[in-house]
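Visitor: After the structure tokens below, expect a handful of questions from me.
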Amino acid sequence: MHDLNRKENRVLYWASKIGDFFSLSILWVLCCLPVLTVIPASIALYDSVAHCVRGEEEGSVGRFFRTLKAELLRGLLLSALCLVIGFLLIKGYQILSIMGQANDTLADYSVLYLCSMAIPVGILTWMIPVESRFEHSFFGLLRASGVYAITHLPTTVMLMLLFGATAALLFFFPVLIVLVPAITVTVQSWFIERAFQKYTPKEDTEDDPTVE
């Protein structure tokens with residue numbers, strides 16, 4: 001009887017987690033539709049995953065909306081900043097590529113430029129979880145994200161690989177978008193939370209040591 005109850009509890013546990021994956025992924029997709037809300041929606045997704053999917057807190061959907069509301073204004077500003085920087089970086093690469101067609105040296109520079117775009121992507125992978133966890137100024141967030149990206153470079157590479165693999169998977173199987181986003185963030189959180197534990201021995205600590 002004891003083993004039967006344990007199996008039932010295990011089934012209920014995993015059914016609950018799968019339900020969280022579906023509900024959080026769908027919410028994230030819907031909240032990302034206005035485009036400018038991608039960052040606040042991603043912050044809410046990570047926060048819900050960290051506290052409800054990986055943690056013991058209940059009510060992942062409620063936590064998602066509370067975090068989304070709290071982070072909406074700053075998240076919109078971050079989204080706008082990321083869109084502007086992304087647009088400028090892409091335009092810069094396009095200009096170098098066109099000029100490189102007539103100049104081999106510029107063609108080499110365009111390749112180096114393309115590789116250097118991994119730097120802002122790496123910073124972005126940390127910016128969302130850092131924003132969800134710590135309190136800091138707007139520019140302090142950018143600084144802290146850069147510090148984490150460099151200090152934990154192997155983790156940064158792993159996060160970018162996971163992001164790229166997820167993007168490729170959704171490109172070929174778009175129907176998985178109702179499930180994969182929350183699963184990917186859960187996997188990423190295993191690496192991110194391990195890094196956070198070095199600076200936050202207590203779960204409720206809100207002072208990020210990377211921010212002055």
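Visitor: Which residue pairs have Cβ atoms closer than 6 Å, lie 6 or more positions apart in sequence or on different chains, and pair a first residue in region 107-130 that is under 12 Å from Ile85 (Cβ atoms) with a second residue that is part of a helix (DSSP H, G or I) and of a type outside the set (A, V, I, L, M, F, W, C)?
Guide: The qualifying pairs are Ile123/Ser145; Ile123/Gly146; Met127/Ser145.
Visitor: Yes or no: region 84-99 includes at least one residue that is in contact (Cβ under 8 Å) with a residue 40 or more places away in the chain and touching a Pro at 6+ places or on another chain (Cβ under 7 Å).
Guide: There is no residue in region 84-99 that is in contact (Cβ under 8 Å) with a residue 40 or more places away in the chain and touching a Pro at 6+ places or on another chain (Cβ under 7 Å).
Visitor: Okay, next question. Do you know which residues across region 90-108 are open to solvent by 50 Å² or more (accessible area, probe 1.4 Å) and of a type outside the set (S, T, N, Q)?
Guide: The answer is Ile90, Lys91, Tyr93, Ile95, Ile98, Met99, Ala102, Asp104, Asp108.
Visitor: If I go through region 34-89 residue by residue, how many of them are on the phi > 0 side of the Ramachandran plot and either within 17 Å of the chain's Cα centre (by Cα) or open to solvent by 80 Å² or more (accessible area, probe 1.4 Å) (or both)?
Guide: 1
The values are calculated or read from the model by the stated rules, or taken from the named source; none is laboratory data. Computed from a predicted model, the values in this text were never measured in an experiment. Methodologically, a virtual Cβ is constructed for each residue, glycine included, from the backbone with ideal geometry; neighbour enumeration extends over all protein chains shown. SASA here: full protein model, heavy atoms, side chains in, ligands and nucleic acids out. Shrake-Rupley method; radii C 1.70, N 1.55, O 1.52, S 1.80 Å.
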